[in-house]
Structure formats: structure tokens, C-alpha cells
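A quick write-up on the structure given underneath.
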Amino acid sequence: HKTEPTIAIIFGGTGDLAKRKLVPAFYNLFLDGWLHEQFAIIGMGRSDTNDDKYRKHFEDALGEFSRRQPEADKWAAFAPSITFLQSNINDPEAYELLKAKIESLEAEWGVRANRLFYLSVAPRFIEPVTVGLHKSGLAADVERDRIVVEKPFGHDFKSAKQLNCLLTATFKESQIYRIDHYLGKETVQNIMAFRFGNALWEPLWNRNYIDYVQITVAEEVGVEDRGGYYEGSGALRDMIQNHLLQLLCMVAMESPVTFEAEEIRNRKVDVLHAIRRFSREDVGKAAVRGQYGPGWIKGKKVPGYKEEGGVDQKSNTETFAAIKFYLDNWRWQGVPFYLRTGKRMQEKGSSITIQFRQVPHLTFPDAMAENMFPNRLVINIQPQMDIRLRFMAKKQGMGMRLKPAEMVFDFNDETTPAQTPEAYETLLLDAMQGDATLFMRSDQVEVAWDVITPILETWESRPSLEFPNYAAGTWGPENAEALIARDGHTWTVTL
Ligand code: BG6
């Protein structure tokens with residue numbers, strides 16, 4: 001159903017996220033008829049711009065960042081809902097100006113609108129915004145007013161806890177939407193449909209039938225112009241703490257009783273609690289870090305991480321991480337979960353591999369054990385969007401020889417990428433409708449930090465002497481291959 005009358009206020013309104021993701025997402029929601037006629041976006045920022053220039057800035061960006069191109073008449077209908085408020089978010093006056101603006105819109109509409117405050121700002125600005133919203137009473141309606149908080153959500157366990165304390169001292173937990181955009185991806189949501197909409201998998205979905213699980217999120221891009229941010233982050237904080245652990249939760253969670261926010265989030269947090277914590281010694285054995293040096297990607301020479309803008313020549317920041325986790329619970333005891341992510345890898349590709357066990361006995365006299373491939377399920381998240389099941393079949397012809405075959409469900413058979421809602425569309429719509437299922441609760445964020453803390457601390461206290469240890473355009477450092485090879489396996493990206 002359509003949203004209620006809504007005013008979306010973007011702190012960081014002239015930032016990259018607003019341009020690449022948020023405004024294109026609102027525009028596509030508008031095109032698809034999800035937005036109430038009474039809808040407005042107020043961008044907050046320090047720049048000296050005006051409404052016209054501000055709208056034009058988004059119109060120009062749509063061509064590049066929206067899944068659908070702007071159509072002149074549609075854009076003309078949407079653009080007037082966007083306005084800009086020049087403001088310094090550290091200044092209490094900014095909130096008074098904002099209040100006047102919001103109230104005049106509401107007076108015009110004749111309703112108290114829902115207010116969505118989107119905090120797309122560096123972590124240090126979360127406090128002044130929270131204080132400003134609190135003092136001005138702008139977000140005081142616990143039913144109608146919501147706060148969306150972008151990552152990074154803290155820098156470590158302690159700062160995440162402080163941030164949660166700060167937010168929950170002012171807002172109710174039900175008003176706070178901590179965003180992890182991976183949860184809005186169609187293929188990621190489909191993991192739930194696939195697991196809990198079918199009776200077939202559940203009996204097999206455990207240590208008795210599953211040998212191991214792999215989760216890869218490989219990027220071709222480097223740090224681009226985000227060197228300044230990334231230097232203080234690294235792959236562990238930037239990707240593992242949030243996106244990859246969330247994917248792990250989706251694969252490993254128990255079946256929820258209902259599709260309701262608290263229920264889903266409880267089941268996911270159970271998984272995070274079950275992850276075996278590392279000692280310092282374990283970190284050396286089960287976690288591998290990497291940093292890219294110069295290399296070639298698709299025939300193009302690219303610089304190493306240390307040559308990127310905003311990056312320290314002696315940087316110890318990892319741009320690649322591979323980690324082997326175990327879950328201490330009944331379902332997963334003894335099943336390794338291998339996670340890896342990196343920038344400047346050979347190919348862009350995110351996928352989850354569920355590797356089943358080998359058959360217990362070789363029935364066919366002509367089948368050689370090494371030609372028998374155990375069943376494998378690959379869930380491709382992006383850019384390929386499909387699910388593939390590998391199974392053994394008879395080779396055509398005389399005799400009883402076997403070969404691997406596959407069954408494929410391809411998202412693109414039904415829709416084209418331009419028809420597929422982007423993660424931010426799904427999540428913004430959910431936030432506007434008050435559905436927090438795909439957002440992170442405070443405890444989830446904290447436990448996820450707790451899981452990676454020993455790795456973070458060990459890596460920070462022992463700078464790597466090997467960096468850079470992989471060339472751009474490869475699959476990461478050799479140690480990452482060794483990590484999985486020790487258990488007799490190899491990394492897979494596609495089937
Ligand atoms: C962001 C990270 O959260 O996710 C980026 O900060 C990363 O470093 C991005 O590139 C990847 O998202 P996607 O949707 O392109 O896979």
C-alpha cells in the first residue's frame with residue numbers, strides 16, 4: 001500500500017549517497033506509484049545552493065544512478081517535491097528553520113505528516129543531529145517520526161554501544177532504522193523465501209548434510225574517492241561486520257514463526273551469538289587479510305591501494321579479508337563458514353555456496369569417486385541473480401556413467417534489471433511504512449561488532465609486514481587460498 005503523507009529530511013543532502021542512491025530511490029518509488037501525493041524531500045546541507053540548482057543536481061545524476069532514466073514529464077511532476085535548506089547541523093537554529101519549513105508544509109497539506117529523518121552523515125555528526133532533533137521536538141511523535149541511520153554504525157564495539165545509548169536516550173528503538181543495504185537486495189530477501197517457503201531444504205539444512213558454506217562478496221572497484229573514510233575502516237569494518245555477517249545470518253538462522261520484525265531479528269541475533277569467538281591465536285589460523293597492489297583489471301592498469309587518494313603510504317588497512325567461522329549450536333556444529341570479501345578482485349560477484357556432503361557409498365561400478373561431485377547450491381546475489389543446484393545425472397550413451405548437471409532459477413527470466421527495485425527503494429519504502437524487518441536492531445549491531453573485535457584488535461596491534469600482498473585484478477592473497485585448501489576445499493564464485 002501507498003505511504004502516508006511523508007516528509008523525508010536528508011541530513012547530508014548534498015552528499016554522495018543522496019545523489020547516487022536516495023533520491024533515485026525516491027524517484028523510482030514515485031514512478032511506481034508508492035508515494036502519497038503529499039510527499040516532500042528536504043535536503044539539509046551547508047552548500048550555498050537553491051531549490052532549482054538542487055533539483056538540477058539530482059536530475060543530472062539520475063541518468064547515471066537511477067535504474068530508470070528520467071522522463072521529462074515525470075521528472076517535472078516529481079522535482080517540485082524536492083527542496084533545499086541551507087543549514088549547519090551543529091547550530092540549533094537549523095532545527096528551528098527546519099521546524100518552520102516542515103510545519104508550513106503540513107499546514108498546506110492539512111495533516112501531521114510522517115517524518116523520516118535520514119542521517120547520511122559522518123558518525124561525529126550523529127550526536128548534534130540527535131540533540132537538535134530532541135531539543136526542537138521535531139521527532140517527538142513515536143508513531144510517525146523515524147530516524148534512519150546509515151553505516152558506519154560505530155567504529156568498534158564500544159562506540160557502537162555509545163551510539164546506541166545516544167539514540168535510544170532520545171528515540172524509541174521502534175523509531176530507529178539502522179540500515180544495511182544488503183538486506184534490501186532482491187536476491188538476499190529471496191534467501192528467506194527459498195529457505196522458508198519450501199519444505200525441501202529444511203531437513204537437509206544442517207550439519208548432517210551440509211559440508212561447508214562459503215560467502216563471497218568480491219568487488220572490482222577499488223576505494224575510489226573514499227580513501228579518507230576507508231583508511232579508518234578496512235574490509236573487516238566496511239563489509240564483514242555488516243553485510244557478510246548479515247548474509248551468514250540469513251543462511252544459518254532457525255525458521256522464524258512469523259515474518260515479523262522482532263521475530264526475524266531474534267532469529268538472526270541467535271546466529272551471531274552462536275558464532276565461536278576467536279582467541280588471538282585463532283586469528284592467525286582462521287583469518288587472512290590482504291591489501292591490493294597495482295595490477296590490471298579487464299586490460300586496464302590500476303594503482304595499488306597505497307597510491308590511492310587519501311591513503312597513507314604506510315597504510316596497514318586491509319582491503320581484503322577471509323575468515324573461517326564456526327557456529328556453536330546444534331544445527332551447525334562442525335560446519336565451517338568461509339567468508340571473504342575484497343576490493344579490486346578479478347571480477348565483481350557476490351554469492352553464497354552451500355556445499356552438501358558426498359554420497360555415502362559409490363553405487364555405480366563405472367563411477368570414480370573423483371568424478372562424483374557432491375550436490376551444491378549456489379545463490380548468486382549480484383551481478384548474476386540466480387540460484388543453481390548441482391546434481392549428478394546420467395551421461396547419455398551406453399553404460400552407467402555420471403556427470404554433473406544443474407537446475408537453475410534465474411531472476412532475469414522474469415524481470416530485467418531495470419524492473420528490479422534497488423535495495424534502497426525497498427528499504428526506504430519499508431522505513432516509510434514502519435516495517436523494521438530488514439533493518440538492524442541495536443543488539444544485532446553490537447553482537448556483530450563483538451564477533452569481529454578479536455580480529456580487529458589483533459590486526460591493529462600487529463601491522464602486516466606483507467602489504468600489499470595481492471595484485472589488483474586477482475582473487476586476493478595466496479593465504480586466502482591456503483585457508484580453505486587446508487580443509488581440502490577451494491573457493492567458488494560460480495558453479
Ligand atoms: C558499502 C561499502 O557498504 O557497500 C562499500 O561501504 C562497498 O565499500 C559497498 O563498495 C558495496 O555495495 P554493493 O551494493 O555495490 O555490493
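Derived scalar couplings between HN and Hα for the range 375-383 equal 4, 8, 10, 10, 9, 8, 8, 6, x Hz in order, rounded to whole Hz, by the Karplus curve 6.51 cos²θ - 1.76 cosθ + 1.60 (θ = phi - 60°), x for Gly and Pro.
Tell me, Kirkwood radius of the range 340-495 from alpha-carbon pair distances, in Å? The Cα-based Kirkwood calculation yields 20.1 Å.
Can you tell me the 0 to 90 degree angle between the C-alpha axis of helix 261-274 and the longest principal axis of the chain, rounded to 10? Result, in degrees: 50. In this rough spin-label picture, where each label sits 7 Å from Cα along the Cβ direction, the Glu307-Asn371 distance is 4.8 nm. I'd like the orientation of helix 92-109 relative to the chain: the angle between its Cα long axis and the longest Cα principal axis, in ° from 0 to 90, rounded to 10. In the chain, helix 92-109 runs at an angle near 80 degrees to the longest axis.
Distance from the Cα centre of the range 126-189 to that of the range 12-48, in angstrom? Going from one Cα centre to the other spans 19 Å.
Between Tyr177 and Ile147, Val148, Val149, the built amide H atoms are under 5 Å apart, and every one of these is 5 or more places off in sequence or on another chain. As a size descriptor, the averaged projected area of the C-alpha convex hull of the range 290-352 was calculated at 5.9 nm². Charge dipole (Cα centre; +1 on Lys/Arg Cβ, -1 on Asp/Glu Cβ; no other charges) of the range 42-191 amounts to roughly 460 debye.
Once the 1.4 Å probe is applied to the protein heavy atoms, the range 264-374 comes out at 47 Å² accessible per residue. Across the alpha-carbon set of the range 232-348, the Rg to Rh ratio works out to 1.07, Rh being the Kirkwood radius.
Convex hull volume per residue, computed on the Cα atoms of the chain, equals 168 Å³.
Calculated mean residue ellipticity at 222 nm for the chain: -9500 deg cm²/dmol, from DSSP H runs with n ≥ 4 weighted as -39500 (n - 2.57), summed, divided by the residue count and rounded to 500. Note on the range 29-175: percent of Cα-Cα distances in each 10 Å bin, starting at 0 and stopping at the bin with the largest distance, equals 10, 35, 35, 18, 2.
Once the Cα atoms are used to define both axes, helix 126-136 deviates from the longest principal axis of the chain by about 40 degrees. These residues, Ser136, Ser442, go from largest to smallest accessible area, 1.4 Å probe, as Ser442, Ser136. Among the chymotrypsin sites (Phe, Trp or Tyr not before Pro) in the range 263-330, those placed in a DSSP loop whose Cβ has at most 11 other Cβ atoms within 10 Å are Trp330.
Set the bar at 23 Å for Cα to Cα. Now go through Lys99/Lys172; Lys151/Lys343; Lys56/Lys101; Lys2/Lys161; Lys185/Lys348 and name every pair that lies beyond it. Flagged as over cut-off: Lys2/Lys161.
The values are calculated or read from the model by the stated rules, or taken from the named source; none is laboratory data. Quick caveat: nothing in here was measured; it's all calculated off a predicted structure. Note that each Cβ is placed from the backbone with ideal geometry, even for glycine, and that neighbours are counted across all protein chains shown. All accessible areas refer to the heavy atoms of the entire protein, side chains included, with ligands and DNA or RNA removed. Shrake-Rupley method; radii C 1.70, N 1.55, O 1.52, S 1.80 Å.
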